[in-house]
Amino acid sequence: YDEYFSKHPMNYNDYLFDDVKDVLPKLCDYKLAICTLSSRDMLNKFISDTGLNEFDLLLSDEDVKNPKPSPDIYLKAIERFGVNRDETLVIEDSSTGIKAGKNAGICTLARDGGRFFIDQSEADYIFDDFIELHGDSLGKDDRAMVCGLGKIGEQSFTIIAEQKGRNTKENIERNFGM
């Protein structure tokens, strides 16, 4: 995989969902992580290509013994953040990543980007864009919900976000009536 991409370089901006760069700066009060199956080198290239620097933690496949769908990468992120599972949200777009989030016992949302036709049915909730996740049902700019990304090339990656004083289930119910 790494060998292929070293011979066929890509710019990760071409694969970034359109709304990501607008949404991430609004999440500055949250702890954010990327948890990816990609190598550390590919993760660093993603950050370099996109200029996204809002993340508190970057974890690659090299940081855990067992890859997704094992929950190891998410459990490591919540341990490093010092948060509980019910204060955490996983946002994924791959079935393997969704299984990893669910295996970690974390509320897992799926980003349906319509790009790769992946089965996302095991996610707790499925959404189409980040705008759905930011804001509440009364139209206020409520920072109660968190957000994430969807893909690094063909590999999925995730942001885990945490808000002090509220749990994820409460935020989803309050903001979206789910």
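Observations
- Region 73-98, subset of a type in the set (Gly, Ala, Ser) and surrounded by 16 or more Cβ atoms within 10 Å (Cβ to Cβ), residue farthest from the chain's Cα centre (by Cα): 95
- Matching residues in region 2-15 - criterion: being in a loop (DSSP other than H, G, I, E, B) and in contact (Cβ under 8 Å) with a residue 12 or more places away in the chain: 10, 11
- Qualifying positions in region 39-50 - in contact (Cβ under 8 Å) with a residue 24 or more places away in the chain and not hydroxyl-bearing (Ser, Thr, Tyr): 41, 42, 43, 45, 46, 49
- Unmet criterion (only one of (1) touching a strand residue (DSSP E or B) at 6+ places or on another chain (Cβ under 9 Å); (2) assigned to a loop (DSSP other than H, G, I, E, B); (3) of a type outside the set (Gly, Ala, Ser)) for residue 74: (2)
- Of all residues in region 53-65, those satisfying the criterion of being outside any strand (DSSP E or B), of a type outside the set (Ser, Thr, Tyr) and closer than 17 Å to residue 77 by Cβ are 54, 55, 56, 61, 62, 63, 64, 65.
- Filter pass, residue 42 being more than 21 Å from residue 79 (Cβ to Cβ), in a helix (DSSP H, G or I) and at pLDDT below 90: yes
- Qualifying residue in region 47-55 (condition: of a type in the set (S, T, N, Q), modelled with pLDDT of 90 or more, within 19 Å of residue 23 (Cα to Cα) and open to solvent by less than 70 Å² (accessible area, probe 1.4 Å)): yes
- Check on residue 141, more than 20 Å from residue 40 (Cα to Cα), at pLDDT 80 or above, open to solvent by 80 Å² or more (accessible area, probe 1.4 Å) and not hydroxyl-bearing (Ser, Thr, Tyr): no
- Test: residue in region 58-72 that is over 21 Å from residue 98 (Cα atoms) and open to solvent by 30 Å² or more (accessible area, probe 1.4 Å): no
- Listed by first and then second residue, the pairs with beta-carbon distance under 6 Å, at least 6 apart or on different chains, first residue in region 16-38 and more than 19 Å from residue 74 (Cβ to Cβ), second among the hydroxyl-bearing types (Ser, Thr, Tyr), are 16/50.
- Considering the conditions (1) closer than 19 Å to residue 43 by Cβ; (2) aliphatic (A, V, I, L, M); (3) assigned to a helix (DSSP H, G or I); (4) out of contact with any Pro (no Cβ under 6 Å at 6 or more places or on another chain), residue 90 is excluded by exactly one of them, (3).
- When region 7-38 is filtered for residues that are of a type in the set (A, V, I, L, M, F, W, C) and open to solvent by 80 Å² or more (accessible area, probe 1.4 Å), only 28 remains.
- Candidates 111, 166, 80, filtered to the one that is among the charged types (D, E, K, R) and modelled with pLDDT of 90 or more: 80
The values are calculated or read from the model by the stated rules, or taken from the named source; none is laboratory data. Source: prediction; values computed, not measured. Ideal geometry is used to build each Cβ from the backbone, glycine not excepted, and the neighbour counts take in all protein chains shown. Each accessible area value is taken on the protein alone, full model and side chains, heavy atoms only, with ligands, DNA and RNA left out. Shrake-Rupley method; radii C 1.70, N 1.55, O 1.52, S 1.80 Å.
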